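Step one of this worksheet: look at the structure below.
The values are calculated or read from the model by the stated rules, or taken from the named source; none is laboratory data. This is a predicted model, so every value here is computed, not measured. Neighbour counts are summed over all protein chains in view; Cβ atoms, including those assigned to glycine, are modelled from backbone coordinates with ideal geometry.
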Amino acid sequence: MATPRDRDALQRLAKLVAERRIELDMHKIDVARAAGTTITTYRKIEAAEPVRDVTYGKIEPVLSWAPGTCRDILNGSADAATVERSPVPGYVYSPVTTDDLQSDVEDSVQEALIAVTDGLTSADIRKIKQRAIEELRRRGRLPTPDGN
């Protein structure tokens, strides 16, 4: 018998799978067919019933989820790692969060300044990083601190 924790994880996965299917404007049978599984097996997923790991692996690409996402959710992850199809066949990319983007920009600016400039203080580097972030906000690439 499944433990309450297992049931909660299966229910969380079922909810996320159903939401994603609806977001993609697909019917249950569409996902089942695209995944190469039966509708009965697919319905088990949305009914929060356990299925084999291989079945989860079959539905992940149909939902544009990264491999292993179902297992991550069952192990406690709160959300799904989606991947977007690239216009270049054979490649996928994952959306970058604004927090990750801001951190990456700050790190890149700092590394570039350290690599090419002598004599800048840490305060100078912080000011330049802040100006880069402000410019990205001005261009609409990053949200402002108030969320706009």
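Observations
- Of all residues in segment 110-144 being among the β-branched types (Val, Ile, Thr), part of a helix (DSSP H, G or I) and more than 19 Å from ASP100 (Cα to Cα), the one that is modelled with the highest pLDDT: ILE125
- Helices (runs of 4 or more DSSP H) completely within segment 15-69 that count 3 or more residues being crowded, with 19+ Cβ neighbours inside 10 Å: 28-35, 53-62
- Pairs where the first residue, in segment 115-139, is in contact (Cβ under 8 Å) with a residue 40 or more places away in the chain and the second is among the acidic types (Asp, Glu), C-beta under 6 Å, 6+ apart: none
- Any chance LEU120 is of a type in the set (A, V, I, L, M) and more than 27 Å from the chain's Cα centre (by Cα): yes
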